[in-house]
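Participant: This is the structure I want to talk about, given as structure tokens.
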Amino acid sequence: MASETLGRLTDLRGADAHPLEAAREMVQRLGRPLGPDELAELARRTRVPVAELRGAISSYADLAEGPADVRVCVGTSCALAGGEGLAEALSGRAHVRVAHCLGHCDRSPALLRRDGRVALPGPGGDADRALAAPAAAPAPSSVRARCREPIVTRRLGRGGFADLARARANDAYATLERALGGGPEAVLAAVEGSGLRGRGGAGFATGRKWRLAAAAPAEARYVVCNGDEGDPGSFVDRLLMEEDPHGVIEGMALCAYAVGAREGIAFVRSEYPAARAALARAVDDARAAGILGGAVMGSGPAFDVRVVSGLGSYVCGEETALLEALEGRRCEVRLRPPYPVTAGLHGRPTVVDNVETLVNAVWIVERGADAYAALGTAASPGTKALCLNHGFARPGVLEVEMGTPLREVVEEEGGGPAGPAPLAAVLAGGPMGSVIPPGEWDVPVCYTAMAERGLVLGHGGLVALPDDADLPALLRGWLRFMAAESCGRCTPCRLGSRRALDLAGGPGLRGARAELERLLEVVEGASLCAFGQGIPRPVRRLIELFGDRIAAAQAAS
Ligand code: SF4
């Protein structure tokens, strides 16, 4: 059986087959995780030891758990909309896997069917109907801009720009074409001068990253588009890849031109099948039109892009873990330095930028560094696309200038709570983000201003927390997510996340708070990457603000 299945895999014809891609194809064909015989055969064909393969496979949920009839989102927004109950209700009738975010937080809860279609039954909706074929495509998300210059959202919410002709009629690739005549230094100078900071959460200076990669001596360099938007609550990158894929590709091509890369990889999480398909189709169309593949736009240096699917690991959103995945290994964070800009993919200089960052870069090269720097704040120029979940009266993507007070976003643009209960807090930046109560909503949306107050903006996801929310379930959900998605590289995060779940996620927060705080101190101080270091922030804050309510509710249940 194993040989028969493997023999049909074109990816395995050569000894240099990518072990994870081969494993993925095999798992999909089998419809289940690999057994010992199949693993041994895969090891023989790929010349990777069984133990190494087993270790790698175990770090990717898609390989370790296999395909499911349906994936039910239990990310923060969907959990607040009954996602866990939905997963439970369906589990007797279908093979269910949970997902920690499907990127439809504006219309939670969300389900992803095996056929790749998304179903949005609504809170308390009919789960069986959501599973039945055919599923109507969800209506487009609301997209709004409250800024002088829409940058990220300029081609969103209007439909049709995944089509190359329509995108080009709307100026796609015009900036790239012009930039090719000005030389790489002009592109580097524009991005550096703009003050653009990476929109994936870390906020590192994009121009500096590009400059370092360009300056690093190497035979080859890479550009990686990080489409692993895993932070529950964020979905703008999904919309960009689905609705403006040529804008994303143009950003990659500009980066490649600036740093001297000939190969680009767009890494798209498997929870976003429509985004992956749209981007792959756009790459094919751009190649057929002579924009990619050989000389860029027919006159520039060679550059091509391939689209790679993630395998269901949250930590792959971290740039070095993503590179490990691309190299076919366990999804684990690398020790740094060296940083990817000097030693990234296959040890070569690699720029890893998230989707929104690349789209910003196109506007900057088109309009100039000064025009960009004139928007937002001095410390955080430009705009930020915020994602408002279904808990707001006006959910969707909202692009604002950096510096906009959070209160305006929540109360005016977001319209306040969707339901009758007032908001107890807003959760910003995913489960490792910040719990921000109304008294702190005067903080500007700005990396620096928020950091000065101990807050994080992260990827820009905002989840409304109504006063009547099930807080013990929320805390338990976060801790489960942290325990499930820790890559396991370092002990404080791997074991600390599980122990925190035992202490705070079970029935008895009361009596466990002192031990929990001691544990969080260790996890925060001794974890290797931002994931572990970020675990304590929201947990502490939720308990600080609502600990008595949580303990009372736990004691009563
Ligand atoms: Fe992995 Fe957690 Fe350590 Fe980061 S902190 S390297 S996610 S185990």
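The values are calculated or read from the model by the stated rules, or taken from the named source; none is laboratory data. Only a predicted model underlies this, so the values are computations on that prediction, with no experimental measurement involved. Virtual Cβ from ideal backbone geometry, glycine too; neighbours counted across all protein chains shown. To get the accessible areas, we keep the full protein, side chains included, count just its heavy atoms, and leave off ligands, DNA and RNA. Shrake-Rupley method; radii C 1.70, N 1.55, O 1.52, S 1.80 Å.
Participant: Within region 54-102, what whole-number % of the accessible surface is contributed by carbon and sulfur, with the 1.4 Å probe and all protein chains included in the calculation?
Facilitator: After summing per-atom areas, the C and S share lands at 51 percent.
Participant: Ignoring any ligand, DNA or RNA, what whole percent of the accessible area of region 471-556 comes from carbon and sulfur when the probe is 1.4 angstrom?
Facilitator: 52
Participant: What nm distance separates the two modelled labels at D37 and A526, each placed 7 Å from Cα along Cα→Cβ?
Facilitator: In this crude label model, D37 to A526 measures out at 4.5 nm.
Participant: Next question, about the same structure. ³J(HN,Hα) across region 200-217 via Karplus (A = 6.51, B = -1.76, C = 1.60, θ = phi - 60°), whole Hz, x for Gly/Pro?
Facilitator: Values, residue by residue: x, x, 6, x, 6, 5, 5, x, 5, 4, 5, 4, 5, 5, 5, 7, 6, x Hz.
Participant: Please state the Cα pair-distance histogram of the chain with 20 angstrom bins from zero: what percent is in each bin?
Facilitator: In order of increasing distance, the bins hold 22, 58, 20, 0 percent.
Participant: Follow-up. Just going by the charge dipole of region 385-466, with Lys and Arg at +1 and Asp and Glu at -1 on Cβ, which of A385, G419, G460 is farthest out on the positive end?
Facilitator: Farthest towards the positive end: G419.
Participant: Using a probe of 1.4 angstrom, how much of the accessible area of region 144-373 is carbon and sulfur, in percent?
Facilitator: So the carbon and sulfur contribution to the accessible surface is 50 percent.
Participant: Once phi is turned into θ = phi - 60°, what whole-Hz ³J(HN,Hα) does the Karplus curve with 6.51, -1.76 and 1.60 give for every residue of region 148-158, x standing for Gly and Pro?
Facilitator: Result, ordered by residue: 5, 10, x, 10, 6, 9, 5, 10, 9, x, 10 Hz.
Participant: Rounded to the nearest 500, what is the 222 nm mean residue ellipticity of the chain from helices alone, with -39500 (n - 2.57) per DSSP H run of 4+ residues and division by all residues?
Facilitator: Taking each H run of at least 4 residues, the total per residue is -12000 deg cm²/dmol.
Participant: With +1 assigned to the C-beta of every Lys and Arg and -1 to the C-beta of every Asp and Glu, and no other charges, what is the dipole magnitude of region 207-285 about the Cα centre in debye, to the nearest 20?
Facilitator: Approximately 420 debye in magnitude.
Participant: Assign one of three labels to region 113-183, namely rounded, prolate or oblate, based on the Cα gyration tensor with a ≥ b ≥ c the square roots of its eigenvalues; rounded applies when a/c is under 1.5, prolate when it is not and a/b is larger than b/c, and oblate otherwise.
Facilitator: Prolate, since a/c reaches 1.5 and a/b exceeds b/c.
Participant: So, one more: Which of the three applies to region 385-466, rounded, prolate or oblate, going by the alpha-carbon gyration tensor with a ≥ b ≥ c and a/c under 1.5 meaning rounded?
Facilitator: Note, shape of region 385-466 comes out prolate.
Participant: If you don't mind, another one. Per q in 0.09 1/Å, what log10 I(q)/I(0) does a Debye calculation on the alpha-carbon atoms of region 157-290 return?
Facilitator: The computed values of log10 I(q)/I(0) come out as -0.27.
Participant: Now a separate question. According to the Cα gyration tensor, what semi-axes, each the square root of 5 times an eigenvalue, does the equivalent ellipsoid of region 342-391 have, listed from largest to smallest in whole Å?
Facilitator: Value: 25, 19, 10 Å, ordered largest first.
Participant: Now, a different point. Please work out the Kirkwood hydrodynamic radius for region 223-281, using every pair of different C-alpha atoms, and report it in angstroms with one decimal place.
Facilitator: In region 223-281 this quantity evaluates to 11.7 Å.
Participant: I would also like to ask the following. Taking the Cβ-Cβ separation of A94 and A378 as r and a Förster radius of 45 Å, what is the calculated FRET efficiency to the nearest 0.05?
Facilitator: Computed FRET efficiency for A94 and A378: 0.30.
Participant: I need the semi-axes of the equivalent ellipsoid of region 471-556: take the C-alpha gyration tensor, multiply each eigenvalue by 5, square-root it, list largest first in whole angstrom.
Facilitator: Square roots of five times the eigenvalues give 21, 12, 10 Å.
Participant: Send over the semi-axes of region 144-373's equivalent ellipsoid, whole angstrom and largest first, taken as the square roots of 5 times the C-alpha gyration tensor eigenvalues.
Facilitator: After scaling each eigenvalue by five and taking roots: 23, 21, 18 Å.
Participant: Separate question: Excluding ligands, DNA and RNA, what is the solvent-accessible area per residue of the chain at a probe of 1.4 Å, expressed in Å²?
Facilitator: 37
Participant: On the principal axes of its Cα set, how long, how wide and how thick is region 406-557? Give whole Å, largest value first.
Facilitator: Cα extents, longest axis first: 43, 38, 23 Å.
Participant: Can I ask one more? How large is the direction-averaged shadow of the alpha-carbon convex hull of region 334-456, in nm²?
Facilitator: Approximately 9.6 nm², given one-decimal rounding.
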